[in-house]
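Since the structure comes first, as structure tokens, the remarks are kept for the end.
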Amino acid sequence: MIELKGKERIWEKYQKEIPLDRYYYARSCIRQNFWPGSETTFIKILEEELGKTILDEEHHTTCSGIAYHCDVIPQETTMTIVARQFSLMCESGYEHFVPSCITSFGIYTEILETWNEHPEVEEKIKRMLMEATGREFRKPKFLVHPSDVIYALRFDILKKAKYRLVNAKTGEPLKCVEHVGCHYAKMFPDKGVGGAEFPRVLMGMIEAWGGEVVDYPERRTCCGFGFRQYMVQANRGYSIACTKRKFDSMEPYKPDLIVTNCPGCPFFLDRWQYVIAEMEGKVYTEDGYGIPVLTYEELAGIVLGYNPWELGLQMHQVSVEPLLKKIGFEYDPLDKFKVGNQTILTLPEAPGVLKV
Amino acid sequence: MEETKKHVLIVGAGIAGLEAATHLEELGYKVSIIEKQQVTGGHVKNWFKTFPYFDASEAIINFAERSLSKFDVYNETQLTYAERNDNGFKVNTDKNKQFQADAILLTPGFKVFDAHKKEEYGYGIFQHVITNADLEKYFRNGWPERDNKNLRFGFIHCVGSRDAKSGNLYCSKVCCATAVKQAIEVRQHFPDSEVYCFYMDLRMFGKNYEEMFQAAQEKHGINFVRARLSEVNQNFDNTLLIKVEDTLTSRPMKLTLDYIVLMSGMEPAENAAQLSQIFGVPTDESGFFAPEKYLVSENNTVSEGVFVAGTATGPKTITETINDARSAALAIHHYLSHSRIPTEHGKE
Amino acid sequence: MGELVDRLKADVRIKDSLHACIHCGTCTAICPAASFYDYDPRELTSTVQDIVARGDDKRLIELLSSNYIWYCGECMSCKTRCPRDNAPGVIIEALRALAQETGLFAESEKGRQQLMIKRTLGEWIVDYGYCVVGDKMLLEMFPEQGPNWQWVLDNIDLVFEKQGAHYQKEGNGAMRKIPKEDLDELRMIYKVTGADKRFKTIEEFSKKKAEEMGIQFDESHDCEYFKHVYTFNSNNK
């Protein structure tokens, strides 16, 4: 097939070395808030399914990436906070740094590249970190994103999979839209699996687990977070317009799901569908539920048959149940808004247009 | 008794090598050419028409091969090794043929930039994304089957040239004129087509190029948009969607096209680095051979007895290549006949 | 002559991301901001190139005081493709930094919005150790989060427990309460690296501008000026 051969030529060029054990995990601000189950699942898959070692210690903080890209803190501040994170990694005896967020990954990569080009900047940050905290640091031996790790281990996950990304009734592979965060590979294409134009990191997972990837004209377009373009209400039109453009473009392909590897992207791809439904009455699937948006850990967790409500699918505004039904996933719908032995908590309000 | 002729070995039987051979033979030298392809004629052999007069490439080849019977051509032969000796150069090839030459002329030509490397253009991934070289084949051999009505073509200038991301900072010079020529040919072949040229600058430097460009606009209705292609995608109906900014009106645009023609630039030949090493001829930052002295002595090299000509020193038109080859023949003649032309005014 | 330009040139981001622009438009073609705003990264790059080449402080001041530098969403799609290895998105970062250090940010409608970001994200980092703090993302300010988020906020502890996270609890885990000693280190970093200084500048110039504009200003998120920069020109009924 002309298409796949052409892509394989590109992928051959981008061979990223991914370590397969002993990770220092740096959590993501957005994911901790909106997709905490995804981070829990990442650790669970690595430790319980695959017997890997991953350290989740309590002293690390934000990398300050969002504030940096909102331009509210100086570059030296972010660099020093990053240096502190590296210091914690070294203290704990680890060399493989795995930041949960894509913006983080971009920040760490950019800072390491800058220090390579300008060693005097690295020296300055060493001094600042010492002055502020008394800490020293060494740069990590490997810097990889958790989606790189899941990509590298996708066939090991497949061995334990209970479900596939396949329509249980028809046997057809699910049509999957993959959305790779901008800060993964756009700045330094050779730091991403597959490069920036036809990245392979999510495609590899989807195909390994039985799905079919759908390409559409606006695939490479930013989801529209835009940092300050979302945070400030006055700018928010930029954000929703960007995401809507992607939805309009993918609609004819009738995707069954969207999977992303960035924290912000699923937030926008999920929530803006709700807003577009309420503002314009438009839903992007025929059944009125919208296109489910998943993180790659949620996708892996579904394939492994984990409890969807421990994965955190109840935190999504666009319901994921239609997808679960499609692949024949057995789950307890009553458990969705329940916690342990608690009586059913109050249910959230239903939106006006979007079906939930 | 006849004096033994001096022997010139030429590497590469494209039009530069052939033209130099023609003149060297006439000047009384024995000439051998080694050529890695099955046939002589280099790239021009694969083309259809030439700019700006739309003469057939075949006519150029006929011209270049006019003395072919007078010298020895060794096809499907590649140079593997060479060393200096008292009588010039001993040269080995991959076909168990050895040569003893008094002078060497390197005319390995150029290589077309591999458009796969511009990943965002989708060459080899999306259907109907082709290069200028592919298009010449269509002109010669016919077009592939498809619904050929109202086709929209986009010619993309500067593919693999003037581009830090491709690793080639230089301008490949002849692609602009080629694009205008090919655009006109497409309009002539498909009278109901819509044709765009997306350019950064229009290098219409040669005689009648500007007039060809004006005819392209006025007579053939080709649209020239000052924009560099950023991205190619495929639509749901398999047409191609491009994103550009029309920089003259400051408007980002999306266009749907049926064919995209990537004007891939000239790069140094595959074996240029190897020849540079073997013969001690330095290359410039772009990998083309560096002559002894730019501007005034571009066929001589710092390696005595080794000469260069044609696109091996940089992108050229057909005419420039032919003239350069003649100039190289004269330079070799002066060398072999111990010319007493000084190199500078006031020096012997 | 050119003192402000010299400060801009000293930024390592300018050194790495500003080279001569050939006006090809590759960046603008795929820039989201160029689609939705009257913004053109190609024009921005060549404007800055010009300013830097001529040491034109006057024109730099104009640029830093305008809305023009605040449209970019820093997606970096431009950086991937530029044939001259420019990165308009990174140049923008350097311009925004200088605009805030000099107080010129307060001269433009979009620049003034930095106050809102400073008082939320900027402060949350040292107060909590996160850029974004869930129970502060209230639906009044971020209604697009939807009714499911309101339900999460109402039941945050339990909902987080179910997913193996411990909202603002001690120990490790998602959204844990980050220990005080770590937050103190962040505070010191803020002090040593100039974040405190910048925050002070943002507050000072915002206060001055609020006075000029006759809008009530104090340190709270409820003050009129905060609400103004957050919502002005958002077409919200």
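Taken together, the values in this text are just the output of simple stated rules run on the coordinates, not laboratory data. Computed from a predicted model, the values in this text were never measured in an experiment. Heads up, the Cβs are rebuilt from the backbone with ideal geometry, glycines too, and the neighbour counts pull from every protein chain shown.
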Part-to-part distance (alpha-carbon centres) for the stretch A:51-99 and the stretch B:99-163, which is given in Å: 47
Only Lys, Arg (+1) and Asp, Glu (-1) charged, at Cβ; chain A dipole about Cα centre in debye: 380
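Please give me, ordered by residue number, the trypsin sites (Lys or Arg not before Pro) of the stretch B:267-348 that lie in loop per DSSP and have at most 10 other Cβ atoms within 10 Å.
Sparse-neighbourhood loop trypsin sites (Lys or Arg not before Pro): B:Arg340, B:Lys347.
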Beta bridges by DSSP in chain A, antiparallel share as percent, to the nearest 5: 5
Label point distance in nm, B:Asn62-C:Asp154, each placed 7 Å from Cα along Cα→Cβ: 8.9
Cα-based convex hull volume of the protein assembly as shown per residue, rounded to whole Å³: 209
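Shielding by partners for A:74-87, please: the mean number of other protein chain Cβ atoms within 10 Å of each residue's Cβ.
Values: counts 9, 8, 5, 12, 3, 2, 9, 7, 0, 1, 4, 0, 0, 1.
Partner Cβ neighbours, averaged per residue: 4.
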Sorted by Cβ density within 10 Å, fewest first, the residues A:Trp209, A:Trp115: A:Trp115, A:Trp209
At R0 = 45 Å, FRET efficiency that the Cβ-Cβ distance of B:Asp94 and A:Glu212 yields, to 0.05: 0.45
Local electrostatic count, B:Ala13, Cβ distance below 14 Å [Lys/Arg +1, Asp/Glu -1]: -2
Cα long-axis angle, helix A:2-13 against chain A (0 to 90 degrees, to the nearest 10): 20
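If you place +1 on the Cβ of every Lys and Arg and -1 on the Cβ of every Asp and Glu, how big does the dipole about the Cα centre of chain B come out, in debye to the nearest 20?
Here chain B has a charge dipole of around 280 debye.
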Label point 7 Å beyond Cα of A:Glu3 along Cβ direction - residues of the stretch B:254-277 with amide nitrogen under 20 Å: B:256-260
Under the Debye formula (equal points on every Cα, no solvent term), log10 I(q)/I(0) of the stretch B:115-266 at q = 0.09, 0.12, 0.15 Å⁻¹: -0.25, -0.46, -0.75
Highest-MSF residue in chain C out of C:Leu60, C:Leu158, C:Leu186 [GNM, Cα springs under 10 Å]: C:Leu158
Candidates C:Ala33, C:Ala174, C:Ala20, ranked by Gaussian network fluctuation over chain C, Cα under 10 Å, top entry: C:Ala174
Dipole of the protein assembly as shown [Lys/Arg +1, Asp/Glu -1 at C-beta], most positive-end residue of A:Gln75, B:Asn150, A:Ala241: B:Asn150
Global geometry of chain B, whether rounded, prolate or oblate, following the gyration tensor of its Cα atoms and the 1.5 cut on a/c: prolate
Beta bridge orientation in the protein assembly as shown: antiparallel %, DSSP, nearest 5: 40
Spin-label pair C:Ser234/A:Arg138, simplified geometry with 7 Å Cα→Cβ offset, distance in nm: 4.8
Cubic angstrom per residue, convex hull over Cα atoms of the stretch A:147-344: 132
Of B:Val180, A:Leu257, A:Cys176, farthest towards positive along the dipole that unit charges on Lys, Arg, Asp, Glu beta carbons give the protein assembly as shown: B:Val180
Between helix B:15-26 and chain B: long-axis angle, C-alpha atoms, 0 to 90°, nearest 10: 30
Nitroxide proxy distance, nm - points 7 Å out along Cα→Cβ at B:Ser297 and C:Gln49: 3.7
Local net charge near B:Phe63, Cβ-Cβ under 11 Å (Lys/Arg +1, Asp/Glu -1): -3
Rounded Å value of the spacing that divides the Cα centres of the stretch B:5-21 and the stretch A:301-330: 72
Label-reachable residues, the stretch A:256-295, where backbone N falls under 13 Å from a point 7 Å from A:Val353's Cα toward its Cβ: A:272-285, A:288-290
Ascending count of other beta-carbon atoms within 10 Å, so fewest first, for B:Lys6, C:Lys191, A:Lys246: C:Lys191, B:Lys6, A:Lys246
Using alpha-carbon coordinates, inclination of helix A:119-133 to the longest axis of chain A, degrees: 90
Dipole moment magnitude, nearest 20 debye, the stretch C:128-236 about Cα centre, only Lys, Arg, Asp, Glu C-beta charged: 340
Ascending count of other beta-carbon atoms within 10 Å, so fewest first, for B:Phe126, B:Phe236: B:Phe236, B:Phe126
Gaussian network model of chain B, Cα within-10 Å springs - most flexible of B:Glu83, B:Glu185, B:Glu267: B:Glu83
Environment charge at B:Gly305 (Cβ cut-off 15 Å; Lys +1, Arg +1, Asp -1, Glu -1): -2
